[in-house]
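A quick write-up on the structure given underneath.
The values are calculated or read from the model by the stated rules, or taken from the named source; none is laboratory data. Predicted, not measured: the structure shown is a model, and the values here were computed from it. Here the Cβ positions follow ideal geometry from the backbone for every residue, glycine too, while neighbour counts run over all protein chains shown.
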Amino acid sequence: MMVLLQLLIVLICIIIGARLGGIGLGVMGGLGVALLTFVFGLQPGELPIDVMMMIAAVISAAACMQAAGGLDYMVKVAEKILRSNPQYVTILAPLVTYAFTFLAGTGHVAYSVLPVIAEVANETKIRPERPLGIAVIASQQAITASPISAATVALLGLLAGFDITLFDILKISIPATLVGVLVGAFFSMRVGKNLVDDPEYQRRLQAGELDTNHVELKGAENKFKACASVALFIGATLLIVLFGSIPSLRPSFDGVQVGMPLIIEMLMLSTAAVILVVTRTNGLKAAQGSVFSAGMQAVVAIFGIAWMGDTFISGNIVELKGAIEGVVTEMPWLFGIALFVMSILLYSQAATVRAIVPLGVALSISPMMLIALFPAVNGYFFIPNYPTLVAAINFDRTGTTGIGKWVLNHSFMMPGLVATAVAIGTGLLLIQIY
């Protein structure tokens, strides 16, 4: 009974924190730790210091790239790709947003390309809901494939004790999520009526509500600086993959190799410094950008939520194992449902990984099984109030992208469920092959 009461406190903190937005999730997690400690007598769990520092380092480098014009340059390149092949926008759009998130480690970079996707679809008379829906989902799926995303970094840290390398995660998560996104894109090509037959589009067209102005994206102010920042950032990402995949390349001290958390922190902070020096960018500008703001919110969220989750799980591990160990041992894939449900509540893949995966480790679920189930943390499309979903709805001037009468029958549900299910299924197949 006491465990259920503690769980209720944890869930209430999560729900209220999600509603508060911004750093609300993190600070409510801190309140949850205080309640669990002072009211229920649980020992405070471990602080997720390594994960927080790695995310801070990656976000610093990405923010410097944005300040130097790197993201503007990437968006301009994406615009050229989409406009040169408009008839394939439903396939190309998710690949573009996937690539953006994969390289930057955050799905928030997709905002800048969503208006281009909507306009290209509109100009080609392709229902904008089709490419926009799967493009948003792709930007989320790529989080679990990016070598520098907070979620991947968190998973790597939790599985480090099993001799799991970064390459072990990426060789499963990259192909699995890519297959999921492509299958979702093919399903999306048949969503709804064709644009010219859509009644809402025709109503807006006849009422003169459709803006015919061309969306003109600004390019980078200085192309050299922009290209240099992108090249430096991608180079650092490749080095992280290299060091993470071949542990022998990392320096050793007293017979102990330097861990990946420190490698990521050193490389990303160094990259941020080099970008600022080479491009002569003001560091204050980097701190004021959208990437830095979103990233720091993620740090605070993981700080509170992961701390609260670790406090609850470590304090009740005997009861929790006794209650679900048998079922999970027989059907370990059921743990993926727990990951999916918690991601809906937490609105963060990294926070979900850090809060729930330790329970999977404690239940002796195979680390490769946990990697295969990794895409299940992409469930926060389920309730259509995440910023990228709302942005996509607003950018579609034709009215085809939206939230249905029953709320959950929205434009992102089908591509999200298909992409996630296929990614998990592909991952389960790949771990059998490997």
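Any idea which residue in the stretch 24-46 is nearest to E265 (Cα to Cα), counting only those that are at pLDDT 85 or above and outside any helix (DSSP H, G or I)? Steps first, please.
Residues of the stretch 24-46 that are at pLDDT 85 or above, as a first pass: 24, 26-45.
From what is left, the residues that are outside any helix (DSSP H, G or I) are 39-45.
Values: V39: 37, F40: 36, G41: 35, L42: 32, Q43: 29, P44: 26, G45: 23 Å.
Looking at residues that are at pLDDT 85 or above and outside any helix (DSSP H, G or I), I get G45.
Those residues that are buried (at least 23 other Cβ atoms within 10 Å of the Cβ) and either touching a strand residue (DSSP E or B) at 6+ places or on another chain (Cβ under 6 Å) or of a type outside the set (A, V, I, L, M, F, W, C) (or both), I need them from the stretch 389-411; list them, please.
D396, T400, T401, S411
Say we look at the stretch 47-91 and pick out the residues that are more than 25 Å from I263 (Cβ to Cβ) and outside any helix (DSSP H, G or I); which of these is modelled with the lowest pLDDT?
Among those residues, the one meeting the criterion is N85.
Among the residues of the stretch 230-240, is any assigned to a helix (DSSP H, G or I), at pLDDT 90 or above and touching a Phe, Trp or Tyr at 6+ places or on another chain (Cβ under 8 Å)?
Checking the stretch 230-240: at least one residue is assigned to a helix (DSSP H, G or I), at pLDDT 90 or above and touching a Phe, Trp or Tyr at 6+ places or on another chain (Cβ under 8 Å).
Name the pairs whose Cβ atoms lie under 8 Å apart, with the first residue in the stretch 1-21 and modelled with pLDDT of 80 or more and surrounded by 14 or more Cβ atoms within 10 Å (Cβ to Cβ), the second among the acidic types (D, E) and part of a helix (DSSP H, G or I), and 6 or more positions between them or separate chains?
Listed by first residue and then by second, the contacts come to V3/E319.
Could you count how many residues in the stretch 360-380 are surrounded by fewer than 24 Cβ atoms within 10 Å (Cβ to Cβ) and either closer than 21 Å to P175 by Cβ or of a type in the set (A, V, I, L, M, F, W, C) (or both)?
Qualifying residue count for the region: 8.
Can you name every one of the helices (runs of 4 or more DSSP H) wholly within the stretch 245-359 that holds 1 or more residues which are of a type in the set (A, V, I, L, M, F, W, C) and touching an Asp or Glu at 6+ places or on another chain (Cβ under 9 Å)?
In the stretch 245-359, 260-279, 290-315 are the helices (runs of 4 or more DSSP H) which contain 1 or more residues that are of a type in the set (A, V, I, L, M, F, W, C) and touching an Asp or Glu at 6+ places or on another chain (Cβ under 9 Å).
Could you tell me which of the residues I164, I137, I143, I148 is under 12 Å from the mean Cα position of the chain (by Cα), in a loop (DSSP other than H, G, I, E, B) and touching a residue at least 24 places away in the same chain (Cβ under 8 Å)? Before the answer, list the steps.
Numbers: I164 fails: under 12 Å from the mean Cα position of the chain (by Cα); I137 fails: in a loop (DSSP other than H, G, I, E, B); I143 fails: in a loop (DSSP other than H, G, I, E, B).
Within the list I164, I137, I143, I148, the selection yields I148.
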